[in-house]
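S.K.: Encoded as structure tokens, here's the structure I'll be asking about.
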Amino acid sequence: VCLALREGHISPKELCHQCLNLIKKTKFINAYITVTEEVALEQAEKAEKRFLKGEPLGPLDGIPVAVKDNFSTADIETTCASRILKGYIPPFNATVVNKLLNQGAVLMGKTNMDEFAMGSGSTDGIFGPVRNPWGYSRQYKEKLITTGQCKEEPDWVITGGSSGGSAAAVAALTCFAALGSDTGGSTRNPAAHCGVVGLKPTYGLVSRHGLIPLVNSMDVPGILTRSVDDAATVLGVLHGHDPKDSTTVHHSFESFSLPDEVDVKNISIGIPKEYHAPGLSAEVLSQWMKAADTLERAGARVVEVSLPHTPHSIVCYHVLCTAEVASNMARFDGIEYGHRSTVDSSTETMYASTRHEGFNDVVRGRILSGNFFLLKQNYDRYFVKAQKVRRLIAEDFIKVFNSGVDVLLTPTTLSDAACYKDFIKEDNRTRSAQEDIFTQSANMAGLPAVSIPVALSARNLPVSLQLIGQRFREVDLLTIAKWFEQQVNFEAIDLQISDNIEKLPKKKTASTA
């Protein structure tokens, strides 16, 4: 697309109009909470003038992008898909949003998500669940027909979460890149289910300023694109120290482009034996082993490794996550911004009513759990112990990488995307534990990881694998990911829009929710 813009085959305004048209046609997917049509057209017009002068701002000039609705955007409502942020319009942009806009990117809108990014299906926000574009693809429909499961309105499949809106927006071709957030896999999980690339950078490489926090010690802005090269381009724009975020590092990380020809000879690939987890589908296991064989045939050294504390990681993650959630959610009280309850017989009553009305059951449950773990009598037993286990998990990775392993190859998810009706049979906590099992340990260790689609399942839905790299070695990680992407040549989605435009219930807005 960048090349087409530079060579004049398409103009920024034409590209913007095409994406806006697709957003309208794919409204049934529910990928967007807010569509910033006027803003996008104005930005595209400015980009077009720069192109006519031969003065593009950078590689993203004129490129349509979307932003998850937990990143602050100046003068654009930011809700985190929660009633408690009803009507909240930030006065500033998140640093990553500023970096995109300063490069001339065209903002198409804010994408749907699980409320406050707490979930793994993008089904729990106030604006309704996000639907996976692959559930409306020719490939999926043909499989339903051949297996005799075709219905007038087939069960639609989830996107994964919590950045499901961003993944669906990229998969449905309504933008070329999107920002997600990744606390325990919230970028890589929906990327895997929607057949796109999902990159979680090293903790501290990309600024969190303006990202409404879930878990400060694990949150990382994530990148969703349709190719590894595109993810590398966006990372090249977003990385760097930010004086507004003390957790960003002064690291000599330069902007880069990936080589066209990649050789994986003498690369060492680790296969963690603990990732043969209960519930791993035969299809994902088969693709995992096939990928290892492909790398070995190409000259890579594939070795089994051990991360012995992995079985404890999901429990450790839950304790630390809920403890930080309890702290971060304390700021939402209805006094300064967002929803405020009309029950105001006393300050304490107003606080309690506001938070009960504003947060959904999932958020309230995590706040309750987190406060339990932080009680004086429980602090050492749960929170301190979980921090010690977290250190052991990080040390497991360090030992493996110090042994000569360059990257780890693992599944991203247990299986392909579940049907919505099946997904909601289990509670949010159970589903999150299942869906985050392969992804959250990279967050606890602060490591970069990328999910790449590799094949279609028997249901013709995407199956993806994950590569985990060493801290600040994104160039090496993405170079190997690009090579692998070239080998699998993943099938492009054939989205059948005209057959799927549905009458949905009236969509909530932040002013009516």
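What follows is calculated from the coordinates using simple rules that are stated; it is not laboratory data. Computed from a predicted structure; not experimentally measured. Here Cβ is always computed from backbone atoms with ideal geometry, including for glycine, and neighbour counts include all displayed protein chains.
S.K.: Please report the base-10 log of the normalised intensity I(q)/I(0) for the range 13-70, using a Debye sum with one equal scatterer per alpha carbon and no solvent, at each q in 0.14 (1/Å).
M.R.: Log10 I(q)/I(0), no solvent term: -0.42.
S.K.: Counting alpha carbon pairs within less than 8 Å and at least 6 residues apart, what relative contact order, in whole percent, applies to the chain?
M.R.: Value for the chain: 19 percent.
S.K.: What percentage of all Cα-Cα pairs in the range 228-369 are separated by more than 27 Å?
M.R.: 60 percent
S.K.: What residue among 91, 487, 368 has its Cα farthest toward the positive end of the dipole of the chain, where the charges are +1 on Lys, Arg and -1 on Asp, Glu, each on the Cβ?
M.R.: Sorting the options by dipole projection puts first 368.
S.K.: A 28 angstrom limit on the alpha carbon distance is what I want to check against. Which of 143/200; 385/421; 200/385; 200/388 exceed it?
M.R.: From 143/200; 385/421; 200/385; 200/388, over 28 Å: 143/200; 385/421.
S.K.: Hey, if you put +1 on the Cβ of every Lys and Arg and -1 on every Asp and Glu Cβ in the chain, which of 275, 325, 221 ends up farthest toward the positive end of that dipole?
M.R.: The residue sitting farthest along the positive end of the dipole is 325.
S.K.: Once the convex hull of the C-alpha atoms of the range 303-353 is built, how many Å³ does it hold per residue, rounded to a whole number?
M.R.: Once divided by residue count, the hull of the range 303-353 is 110 Å³.
S.K.: Can you work out the PRE-style zone for residue 293? Point 7 Å along Cα to Cβ, and I want the residues of the range 479-495 with backbone N under 17 Å.
M.R.: In the range 479-495, the label zone of residue 293 (backbone N under 17 Å from the point 7 Å along Cα→Cβ) covers 487-489.
S.K.: Turning to a different aspect of this structure: Could you pull out the GluC sites (Glu not before Pro) across the range 407-484 that fall in loop regions by DSSP (anything but H, G, I, E, B) with no more than 16 other Cβ atoms inside 10 Å?
M.R.: 426
S.K.: Test of understanding: extend the Cα→C-beta vector of residue 46 to 7 Å, then name every residue of the range 91-109 with backbone N under 13 Å from that spot.
M.R.: Hits in the range 91-109 for residue 46 at 13 Å: 98-107.
S.K.: If you don't mind, there's one more thing I want to ask. Can you figure out the FRET efficiency of residue 216 with residue 138, using R₀ = 45 Å and their beta-carbon distance, to the nearest 0.05?
M.R.: 0.55
S.K.: Another question, then. Evaluate the charge dipole of the range 26-128 about its Cα centre and quote only its size in Debye, nearest 20, assuming +1 on the Cβ of each Lys and Arg and -1 on the Cβ of each Asp and Glu.
M.R.: Dipole magnitude for the range 26-128 comes out near 120 debye.
S.K.: May I pose another question? Per the Cauchy relation, a quarter of the hull surface: what is the mean projected area of the convex hull of the alpha carbons in the range 59-174, in nm²?
M.R.: Mean orientational projected area (the range 59-174, Cα hull): 8.5 nm².
S.K.: While we're looking at this one, here's another question. So what is the calculated 222 nm ellipticity per residue for the chain, using -39500 (n - 2.57) for each DSSP H run with n of 4 or more, over all residues, to the nearest 500 deg cm²/dmol?
M.R.: -11000 deg cm²/dmol
S.K.: Can you work out the FRET efficiency for the pair residue 9 and residue 345, with r the C-beta to C-beta distance and R0 = 51 Å, to the nearest 0.05?
M.R.: So the FRET efficiency works out to roughly 0.20.
S.K.: Return the distance in nm (one decimal) between the two label points of a simple spin-label model at residue 426 and residue 257, each offset 7 Å from Cα along Cα→Cβ.
M.R.: 4.5 nm
S.K.: At R0 = 35 Å, how high is the FRET efficiency between residue 384 and residue 25 if r is their beta carbon distance? Nearest 0.05 is fine.
M.R.: Step by step, r from the Cβ atoms, then E = 0.10.
S.K.: For residue 37 and residue 476, compute 0.36 nm times the residue count separating them, minus their Cα-Cα distance, and round to one decimal in nm.
M.R.: Contour length minus the Cα-Cα distance gives 154.3 nm.
S.K.: Search the structure for amide H atoms under 5 Å from the amide H of residue 301, placed 1.01 Å from N in the peptide plane, and list their residues when 5 or more places away or on another chain.
M.R.: 266, 267, 268, 269
S.K.: Looking at (i) 23.8; (ii) 34.8; (iii) 29.4, which value of mean projected area of the Cα convex hull in nm² comes from a calculation on the structure shown?
M.R.: So the calculated entry is the one marked (i).
S.K.: Then there's this: Only loop residues by DSSP count here, and only those with at most 15 other Cβ atoms within 10 Å; note down the trypsin sites (Lys or Arg not before Pro) in the range 405-504 that meet that.
M.R.: Qualifying residues, ordered by number: 425, 503.
S.K.: What is the dipole size for the chain, taken about its Cα centre, with +1 at each Lys and Arg Cβ and -1 at each Asp and Glu Cβ, in debye to the nearest 20?
M.R.: My answer is approximately 680 debye.
S.K.: Further question on the same structure: Run through the DSSP bridge list for the chain and note the antiparallel percent, rounded to the nearest 5.
M.R.: Approximately 70 percent, going by the DSSP bridge assignments.
S.K.: How many nm is it between the label spots at residue 74 and residue 392, if each spot is 7 Å from the Cα in line with the beta carbon?
M.R.: Going from the residue 74 label point to the residue 392 one covers 4.8 nm.
S.K.: Place the peptides 385-398, 177-190, 197-210, 74-87 in order of packing, highest mean first, counting for every residue the other Cβ atoms within 10 Å and averaging per peptide.
M.R.: Most protected by this proxy first, the peptides run 177-190, 197-210, 74-87, 385-398.
S.K.: If you keep only loop residues by DSSP, which GluC sites (Glu not before Pro) in the range 329-379 have at most 11 other Cβ atoms within 10 Å of their Cβ?
M.R.: Answer by residue number: 336.
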